[in-house]
Amino acid sequence: MEQQRLPQKLLKAPISERVTFFVNYTMAHPHLIQTFNQVMQSVYQAPGISLIFVVGATGVGKTTLLRRLEQKLTEKALPELKHNQGKVTVIGLEAKAPEFSQFDWKDFYIRLLKVLNEPLIEKKINYGQSCSKWRSAVESALIHRSPDAFYIDEAHHLAMLPSGRKLKDQPETLKSLANLTQVKIIPTGTYDLLPLIDLGDQLCRRSKTIHFQRYHADNSQEAKAFKSVVQTFSQYLPLPQQPDLLSNWEFLYERSLGCVGILKDWLCVTLNDVLESDENARTITLSDLQRHALEVRQCLVMLKSITIGEQQLQESSEDLLKLRKGLKLIPSAHGTAQEKHNQSKKEKKTTHSPIAQTSPRRYPLKKQESEKEDKETDFFHSF
(Lines give C-alpha, C1' and ligand atoms only; values in the text may rest on other atoms or scores of the structure.)
Protein backbone atom coordinates (compact mmCIF):
# COMPACT_ATOMS: atom_id res chain seq x y z
CA MET A 1 0.00 0.00 0.00
CA GLU A 2 1.35 3.41 -1.02
CA GLN A 3 -0.96 5.78 0.82
CA GLN A 4 1.96 8.12 1.46
CA ARG A 5 1.31 9.58 -1.97
CA LEU A 6 -1.92 11.06 -0.65
CA PRO A 7 -1.88 14.08 1.66
CA GLN A 8 -2.69 12.64 5.08
CA LYS A 9 -4.93 15.57 5.97
CA LEU A 10 -7.08 14.70 2.94
CA LEU A 11 -8.37 11.58 4.70
CA LYS A 12 -9.97 13.81 7.33
CA ALA A 13 -11.30 16.38 4.87
CA PRO A 14 -15.01 16.76 4.01
CA ILE A 15 -16.53 14.33 1.52
CA SER A 16 -16.80 16.91 -1.26
CA GLU A 17 -13.12 17.79 -0.99
CA ARG A 18 -12.05 14.16 -1.09
CA VAL A 19 -14.21 13.40 -4.11
CA THR A 20 -13.03 16.56 -5.90
CA PHE A 21 -9.41 15.51 -5.33
CA PHE A 22 -9.96 12.21 -7.16
CA VAL A 23 -12.06 13.82 -9.91
CA ASN A 24 -9.27 16.29 -10.68
CA TYR A 25 -6.55 13.64 -10.52
CA THR A 26 -5.15 12.66 -13.92
CA MET A 27 -2.48 10.14 -14.75
CA ALA A 28 -0.23 9.61 -17.74
CA HIS A 29 -0.67 6.22 -19.40
CA PRO A 30 0.84 4.87 -22.64
CA HIS A 31 -2.03 5.58 -25.05
CA LEU A 32 -2.55 9.08 -23.65
CA ILE A 33 1.15 9.89 -23.94
CA GLN A 34 1.35 8.52 -27.49
CA THR A 35 -1.68 10.51 -28.67
CA PHE A 36 -0.51 13.67 -26.92
CA ASN A 37 2.92 13.48 -28.58
CA GLN A 38 1.35 13.01 -32.01
CA VAL A 39 -0.89 16.05 -31.54
CA MET A 40 2.00 18.22 -30.34
CA GLN A 41 4.16 17.19 -33.30
CA SER A 42 1.31 17.97 -35.69
CA VAL A 43 0.84 21.43 -34.17
CA TYR A 44 4.50 22.49 -34.32
CA GLN A 45 6.17 20.25 -36.92
CA ALA A 46 3.61 19.83 -39.72
CA PRO A 47 3.43 23.10 -41.70
CA GLY A 48 1.18 21.67 -44.43
CA ILE A 49 -1.46 20.38 -42.02
CA SER A 50 -4.50 22.57 -41.26
CA LEU A 51 -6.88 20.09 -39.58
CA ILE A 52 -5.81 17.57 -36.94
CA PHE A 53 -8.64 15.09 -36.34
CA VAL A 54 -8.45 13.24 -33.00
CA VAL A 55 -10.83 10.28 -32.98
CA GLY A 56 -11.50 7.74 -30.26
CA ALA A 57 -14.11 5.79 -28.35
CA THR A 58 -16.43 7.54 -25.96
CA GLY A 59 -14.78 7.70 -22.54
CA VAL A 60 -11.29 6.95 -23.84
CA GLY A 61 -9.89 10.14 -22.25
CA LYS A 62 -10.19 12.84 -24.90
CA THR A 63 -11.16 15.52 -22.36
CA THR A 64 -8.05 14.75 -20.31
CA LEU A 65 -5.99 14.93 -23.49
CA LEU A 66 -7.34 18.40 -24.33
CA ARG A 67 -6.67 19.71 -20.83
CA ARG A 68 -3.12 18.39 -20.98
CA LEU A 69 -2.69 19.93 -24.44
CA GLU A 70 -3.91 23.30 -23.24
CA GLN A 71 -1.51 23.22 -20.30
CA LYS A 72 1.57 22.30 -22.35
CA LEU A 73 0.86 24.75 -25.17
CA THR A 74 0.55 27.55 -22.63
CA GLU A 75 3.82 26.59 -20.94
CA LYS A 76 5.60 26.47 -24.29
CA ALA A 77 4.37 29.95 -25.25
CA LEU A 78 5.25 31.70 -21.97
CA PRO A 79 8.34 33.49 -23.35
CA GLU A 80 6.33 34.85 -26.28
CA LEU A 81 3.47 35.96 -24.03
CA LYS A 82 5.82 38.33 -22.23
CA HIS A 83 6.32 40.32 -25.43
CA ASN A 84 2.88 39.81 -27.00
CA GLN A 85 0.24 40.23 -24.32
CA GLY A 86 -2.59 40.14 -26.85
CA LYS A 87 -1.76 36.59 -27.88
CA VAL A 88 -3.96 33.69 -26.79
CA THR A 89 -1.95 30.45 -26.82
CA VAL A 90 -4.77 27.97 -27.27
CA ILE A 91 -8.54 28.21 -27.41
CA GLY A 92 -11.17 25.53 -27.09
CA LEU A 93 -14.86 25.26 -27.79
CA GLU A 94 -17.43 22.49 -27.61
CA ALA A 95 -19.47 22.01 -30.77
CA LYS A 96 -23.11 22.39 -29.82
CA ALA A 97 -25.44 19.56 -30.86
CA PRO A 98 -27.92 20.84 -33.48
CA GLU A 99 -31.52 21.07 -32.39
CA PHE A 100 -33.09 20.63 -35.84
CA SER A 101 -30.51 18.39 -37.58
CA GLN A 102 -28.70 21.40 -38.96
CA PHE A 103 -25.45 22.68 -37.45
CA ASP A 104 -25.71 26.37 -36.52
CA TRP A 105 -22.53 28.07 -37.75
CA LYS A 106 -23.69 31.52 -36.63
CA ASP A 107 -24.05 30.34 -33.04
CA PHE A 108 -20.66 28.64 -33.35
CA TYR A 109 -18.98 31.89 -34.45
CA ILE A 110 -20.65 33.96 -31.72
CA ARG A 111 -19.55 31.57 -28.97
CA LEU A 112 -16.05 31.45 -30.45
CA LEU A 113 -15.78 35.24 -30.28
CA LYS A 114 -16.77 35.11 -26.62
CA VAL A 115 -14.07 32.50 -25.95
CA LEU A 116 -11.57 34.85 -27.60
CA ASN A 117 -12.70 37.60 -25.19
CA GLU A 118 -13.59 39.82 -28.12
CA PRO A 119 -14.78 43.12 -26.60
CA LEU A 120 -18.16 44.69 -27.33
CA ILE A 121 -19.44 41.92 -29.58
CA GLU A 122 -23.01 43.22 -29.43
CA LYS A 123 -21.84 46.71 -30.47
CA LYS A 124 -19.84 45.51 -33.45
CA ILE A 125 -22.35 43.31 -35.21
CA ASN A 126 -26.10 43.06 -35.19
CA TYR A 127 -27.22 39.55 -34.21
CA GLY A 128 -29.62 39.56 -37.13
CA GLN A 129 -26.88 39.96 -39.74
CA SER A 130 -25.76 37.16 -42.00
CA CYS A 131 -23.39 34.37 -41.01
CA SER A 132 -20.66 35.77 -43.28
CA LYS A 133 -20.37 38.88 -41.07
CA TRP A 134 -19.75 36.72 -38.03
CA ARG A 135 -17.26 34.64 -40.01
CA SER A 136 -15.29 37.79 -40.92
CA ALA A 137 -15.23 38.86 -37.28
CA VAL A 138 -13.93 35.43 -36.24
CA GLU A 139 -11.19 35.52 -38.88
CA SER A 140 -10.06 38.96 -37.72
CA ALA A 141 -10.05 37.88 -34.06
CA LEU A 142 -8.04 34.73 -34.75
CA ILE A 143 -5.47 36.64 -36.80
CA HIS A 144 -4.94 39.21 -34.06
CA ARG A 145 -4.97 36.68 -31.18
CA SER A 146 -2.78 34.24 -33.19
CA PRO A 147 -3.39 31.08 -31.12
CA ASP A 148 -1.15 28.10 -31.78
CA ALA A 149 -4.13 25.75 -31.80
CA PHE A 150 -7.91 25.82 -31.69
CA TYR A 151 -9.56 22.59 -30.54
CA ILE A 152 -13.22 21.67 -31.02
CA ASP A 153 -14.54 19.18 -28.49
CA GLU A 154 -17.52 16.97 -29.43
CA ALA A 155 -16.75 17.80 -33.06
CA HIS A 156 -18.83 14.83 -34.27
CA HIS A 157 -21.84 17.14 -33.83
CA LEU A 158 -20.67 18.80 -37.06
CA ALA A 159 -21.67 15.65 -38.93
CA MET A 160 -25.31 15.83 -37.77
CA LEU A 161 -27.00 16.91 -40.98
CA PRO A 162 -30.38 16.04 -42.50
CA SER A 163 -28.65 14.67 -45.61
CA GLY A 164 -25.17 13.74 -46.75
CA ARG A 165 -25.08 16.21 -49.64
CA LYS A 166 -23.66 19.03 -47.52
CA LEU A 167 -21.40 16.82 -45.41
CA LYS A 168 -18.28 17.93 -47.26
CA ASP A 169 -19.06 21.59 -46.52
CA GLN A 170 -18.35 21.11 -42.79
CA PRO A 171 -14.64 20.16 -42.93
CA GLU A 172 -14.12 22.48 -45.91
CA THR A 173 -15.35 25.39 -43.79
CA LEU A 174 -12.91 24.50 -41.03
CA LYS A 175 -10.05 24.04 -43.50
CA SER A 176 -10.75 27.42 -45.06
CA LEU A 177 -10.83 29.07 -41.63
CA ALA A 178 -7.52 27.43 -40.70
CA ASN A 179 -5.85 28.47 -43.95
CA LEU A 180 -6.98 32.10 -43.80
CA THR A 181 -5.99 32.57 -40.14
CA GLN A 182 -2.93 30.25 -40.07
CA VAL A 183 -4.30 28.51 -36.97
CA LYS A 184 -4.23 24.73 -36.51
CA ILE A 185 -7.74 23.44 -35.83
CA ILE A 186 -8.13 20.19 -33.84
CA PRO A 187 -11.61 18.62 -34.20
CA THR A 188 -11.96 15.97 -31.49
CA GLY A 189 -14.76 13.46 -31.14
CA THR A 190 -16.02 9.89 -31.25
CA TYR A 191 -16.02 7.61 -34.27
CA ASP A 192 -19.10 9.51 -35.50
CA LEU A 193 -16.54 12.09 -36.65
CA LEU A 194 -15.20 9.70 -39.31
CA PRO A 195 -17.72 10.71 -42.04
CA LEU A 196 -16.09 14.18 -42.09
CA ILE A 197 -12.60 12.82 -42.76
CA ASP A 198 -11.00 12.27 -46.21
CA LEU A 199 -13.89 13.72 -48.23
CA GLY A 200 -11.66 15.11 -50.98
CA ASP A 201 -8.11 15.31 -52.25
CA GLN A 202 -7.50 18.74 -50.66
CA LEU A 203 -8.82 17.56 -47.29
CA CYS A 204 -6.64 14.45 -47.45
CA ARG A 205 -3.58 16.60 -48.13
CA ARG A 206 -4.32 19.25 -45.49
CA SER A 207 -5.54 17.01 -42.67
CA LYS A 208 -4.22 14.34 -40.36
CA THR A 209 -6.14 11.73 -38.38
CA ILE A 210 -4.88 10.60 -34.97
CA HIS A 211 -6.50 7.55 -33.41
CA PHE A 212 -6.78 7.69 -29.60
CA GLN A 213 -7.03 3.97 -28.91
CA ARG A 214 -8.48 2.09 -25.99
CA TYR A 215 -6.68 -0.84 -24.35
CA HIS A 216 -7.15 -4.34 -25.79
CA ALA A 217 -7.03 -7.28 -23.40
CA ASP A 218 -5.86 -9.71 -26.12
CA ASN A 219 -2.58 -7.78 -26.32
CA SER A 220 -0.31 -8.71 -23.40
CA GLN A 221 1.45 -5.34 -23.31
CA GLU A 222 -1.81 -3.39 -23.36
CA ALA A 223 -3.35 -5.66 -20.71
CA LYS A 224 -0.31 -4.99 -18.54
CA ALA A 225 -0.68 -1.24 -19.07
CA PHE A 226 -4.39 -1.37 -18.14
CA LYS A 227 -3.53 -3.23 -14.93
CA SER A 228 -1.02 -0.51 -14.11
CA VAL A 229 -3.76 2.12 -14.59
CA VAL A 230 -6.06 0.19 -12.23
CA GLN A 231 -3.32 -0.10 -9.62
CA THR A 232 -2.48 3.61 -9.78
CA PHE A 233 -6.13 4.63 -9.38
CA SER A 234 -6.43 2.42 -6.31
CA GLN A 235 -3.46 4.19 -4.74
CA TYR A 236 -4.99 7.64 -5.23
CA LEU A 237 -8.46 6.92 -3.92
CA PRO A 238 -8.74 9.05 -0.74
CA LEU A 239 -9.64 6.16 1.57
CA PRO A 240 -7.93 4.87 4.74
CA GLN A 241 -7.50 1.42 3.19
CA GLN A 242 -6.41 0.97 -0.40
CA PRO A 243 -9.00 -1.12 -2.28
CA ASP A 244 -7.85 -4.29 -4.01
CA LEU A 245 -8.87 -3.31 -7.53
CA LEU A 246 -6.13 -5.26 -9.25
CA SER A 247 -7.61 -8.65 -8.36
CA ASN A 248 -10.81 -7.58 -10.14
CA TRP A 249 -9.15 -6.02 -13.17
CA GLU A 250 -11.02 -8.25 -15.64
CA PHE A 251 -14.37 -7.03 -14.33
CA LEU A 252 -13.13 -3.44 -14.47
CA TYR A 253 -11.95 -3.97 -18.03
CA GLU A 254 -15.21 -5.66 -19.02
CA ARG A 255 -17.45 -2.81 -17.90
CA SER A 256 -15.09 -0.01 -19.01
CA LEU A 257 -14.34 -1.61 -22.41
CA GLY A 258 -10.67 -0.77 -21.88
CA CYS A 259 -11.37 2.99 -21.78
CA VAL A 260 -9.60 4.85 -18.96
CA GLY A 261 -12.15 7.68 -18.96
CA ILE A 262 -15.06 5.29 -18.35
CA LEU A 263 -13.08 3.60 -15.58
CA LYS A 264 -12.29 6.94 -13.92
CA ASP A 265 -15.92 8.10 -13.99
CA TRP A 266 -17.04 4.74 -12.61
CA LEU A 267 -14.62 4.99 -9.68
CA CYS A 268 -15.67 8.60 -8.99
CA VAL A 269 -19.35 7.67 -8.72
CA THR A 270 -18.56 4.68 -6.55
CA LEU A 271 -16.32 6.71 -4.24
CA ASN A 272 -18.95 9.41 -3.80
CA ASP A 273 -21.68 6.87 -3.03
CA VAL A 274 -19.53 4.98 -0.50
CA LEU A 275 -18.56 8.17 1.35
CA GLU A 276 -22.11 9.53 1.30
CA SER A 277 -23.37 6.28 2.79
CA ASP A 278 -20.66 6.18 5.45
CA GLU A 279 -18.25 9.07 5.94
CA ASN A 280 -15.90 6.75 7.83
CA ALA A 281 -15.90 4.04 5.14
CA ARG A 282 -12.49 2.47 4.92
CA THR A 283 -12.42 1.13 1.36
CA ILE A 284 -14.34 0.18 -1.80
CA THR A 285 -15.50 -3.41 -2.25
CA LEU A 286 -16.44 -5.46 -5.31
CA SER A 287 -20.13 -5.15 -4.47
CA ASP A 288 -19.76 -1.35 -4.50
CA LEU A 289 -18.25 -1.53 -7.98
CA GLN A 290 -20.94 -3.89 -9.23
CA ARG A 291 -23.67 -1.58 -8.02
CA HIS A 292 -22.45 1.33 -10.17
CA ALA A 293 -21.13 -0.57 -13.21
CA LEU A 294 -22.58 -0.08 -16.68
CA GLU A 295 -25.22 -2.61 -17.69
CA VAL A 296 -24.21 -5.39 -20.06
CA ARG A 297 -26.66 -4.15 -22.72
CA GLN A 298 -25.10 -0.67 -22.52
CA CYS A 299 -21.63 -2.13 -22.93
CA LEU A 300 -22.74 -4.13 -25.96
CA VAL A 301 -24.15 -1.03 -27.67
CA MET A 302 -20.93 0.90 -27.02
CA LEU A 303 -18.73 -2.03 -28.08
CA LYS A 304 -20.55 -2.35 -31.40
CA SER A 305 -19.95 1.32 -32.22
CA ILE A 306 -16.31 1.10 -31.11
CA THR A 307 -15.63 -2.04 -33.15
CA ILE A 308 -17.04 -0.49 -36.33
CA GLY A 309 -14.95 2.66 -35.83
CA GLU A 310 -11.77 0.70 -35.19
CA GLN A 311 -12.31 -1.35 -38.35
CA GLN A 312 -12.79 1.78 -40.44
CA LEU A 313 -9.47 3.20 -39.24
CA GLN A 314 -7.56 -0.03 -39.78
CA GLU A 315 -5.61 -0.24 -43.05
CA SER A 316 -6.21 -3.48 -44.94
CA SER A 317 -3.87 -5.38 -47.25
CA GLU A 318 -6.51 -5.14 -50.01
CA ASP A 319 -6.42 -1.34 -49.89
CA LEU A 320 -2.63 -1.37 -50.01
CA LEU A 321 -2.67 -3.70 -53.02
CA LYS A 322 -5.20 -1.45 -54.76
CA LEU A 323 -2.96 1.57 -54.14
CA ARG A 324 0.14 -0.16 -55.47
CA LYS A 325 -1.74 -1.34 -58.55
CA GLY A 326 -2.97 2.17 -59.20
CA LEU A 327 0.57 3.50 -58.92
CA LYS A 328 1.94 0.71 -61.17
CA LEU A 329 4.30 -0.43 -58.40
CA ILE A 330 3.47 -4.12 -58.82
CA PRO A 331 6.11 -5.88 -61.02
CA SER A 332 4.98 -6.46 -64.59
CA ALA A 333 5.87 -10.19 -64.43
CA HIS A 334 3.52 -10.63 -61.51
CA GLY A 335 0.83 -8.70 -63.31
CA THR A 336 1.29 -10.74 -66.54
CA ALA A 337 1.16 -14.03 -64.66
CA GLN A 338 -1.97 -12.96 -62.88
CA GLU A 339 -3.60 -11.91 -66.18
CA LYS A 340 -2.68 -15.28 -67.78
CA HIS A 341 -4.12 -17.12 -64.82
CA ASN A 342 -7.38 -15.17 -65.05
CA GLN A 343 -7.54 -15.71 -68.82
CA SER A 344 -7.04 -19.48 -68.45
CA LYS A 345 -9.84 -19.61 -65.90
CA LYS A 346 -12.14 -17.83 -68.34
CA GLU A 347 -11.20 -20.24 -71.16
CA LYS A 348 -11.89 -23.25 -68.97
CA LYS A 349 -15.30 -21.88 -68.18
CA THR A 350 -16.14 -21.31 -71.89
CA THR A 351 -15.11 -24.87 -72.96
CA HIS A 352 -17.90 -26.45 -70.95
CA SER A 353 -20.94 -27.58 -72.88
CA PRO A 354 -24.08 -25.53 -72.40
CA ILE A 355 -26.53 -26.93 -69.91
CA ALA A 356 -29.19 -29.37 -71.34
CA GLN A 357 -27.59 -29.38 -74.84
CA THR A 358 -25.90 -32.56 -76.13
CA SER A 359 -23.21 -32.94 -78.78
CA PRO A 360 -24.33 -33.76 -82.36
CA ARG A 361 -24.42 -37.53 -83.23
CA ARG A 362 -26.41 -40.05 -85.41
CA TYR A 363 -29.38 -41.70 -83.77
CA PRO A 364 -30.83 -45.10 -85.02
CA LEU A 365 -34.25 -44.96 -86.69
CA LYS A 366 -37.27 -46.59 -85.18
CA LYS A 367 -38.52 -49.94 -86.63
CA GLN A 368 -41.53 -48.52 -88.49
CA GLU A 369 -39.53 -45.72 -89.98
CA SER A 370 -36.87 -48.23 -91.01
CA GLU A 371 -39.41 -50.51 -92.82
CA LYS A 372 -40.91 -47.48 -94.54
CA GLU A 373 -37.49 -46.38 -95.67
CA ASP A 374 -36.81 -49.93 -97.06
CA LYS A 375 -40.09 -49.95 -99.07
CA GLU A 376 -39.30 -46.54 -100.48
CA THR A 377 -35.86 -47.78 -101.42
CA ASP A 378 -37.31 -50.86 -103.21
CA PHE A 379 -39.78 -48.64 -105.04
CA PHE A 380 -37.04 -46.38 -106.32
CA HIS A 381 -34.94 -49.34 -107.33
CA SER A 382 -37.85 -50.91 -109.30
CA PHE A 383 -38.54 -47.61 -110.98
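Quick notes on this structure:
- Neighbours of L313 by Cβ distance under 14 Å: Lys/Arg scored +1, Asp/Glu scored -1, total -3.
- Phi-derived couplings, Karplus 6.51 cos²θ - 1.76 cosθ + 1.60 at θ = phi - 60°, listed residue by residue for region 112-119: 5, 5, 5, 5, 7, 6, 5, x Hz, with x used for Gly and Pro.
- Proximal charge balance of G86 [Cβ under 13 Å; K/R count +1, D/E count -1]: +1
- Other residues lying with their Cβ under 9 Å from the Cβ of A178 contribute a combined charge of +3, Lys and Arg counting +1, Asp and Glu -1.
- Ligands, DNA and RNA left out, the 1.4 Å accessible surface of region 225-285 is 42% carbon and sulfur atoms.
- With all protein chains in place and a 1.4 Å probe, the accessible surface of region 1-75 carries 53 percent carbon and sulfur.
- Between region 27-90 and region 253-297, the alpha-carbon center distance in angstrom: 30 Å
- Over region 146-255, accessible surface divided per residue gives 43 Å², non-protein components excluded, 1.4 Å probe.
- Ellipsoid semi-axes for region 44-194, based on the Cα gyration tensor and the rule √(5λ), read 24, 21, 14 Å when sorted largest first.
- For region 23-86: span of alpha carbons on each principal axis (Å, largest first): 39, 33, 18
The values are calculated or read from the model by the stated rules, or taken from the named source; none is laboratory data. All values reported here derive from a predicted model rather than from experimental measurement. Positions of Cβ are generated from backbone atoms using ideal geometry, with glycine treated the same way; all protein chains shown enter the neighbour counts. Quick note on the areas: whole protein, heavy atoms, side chains included, nothing else; ligands and nucleic acids left out. Shrake-Rupley method; radii C 1.70, N 1.55, O 1.52, S 1.80 Å.
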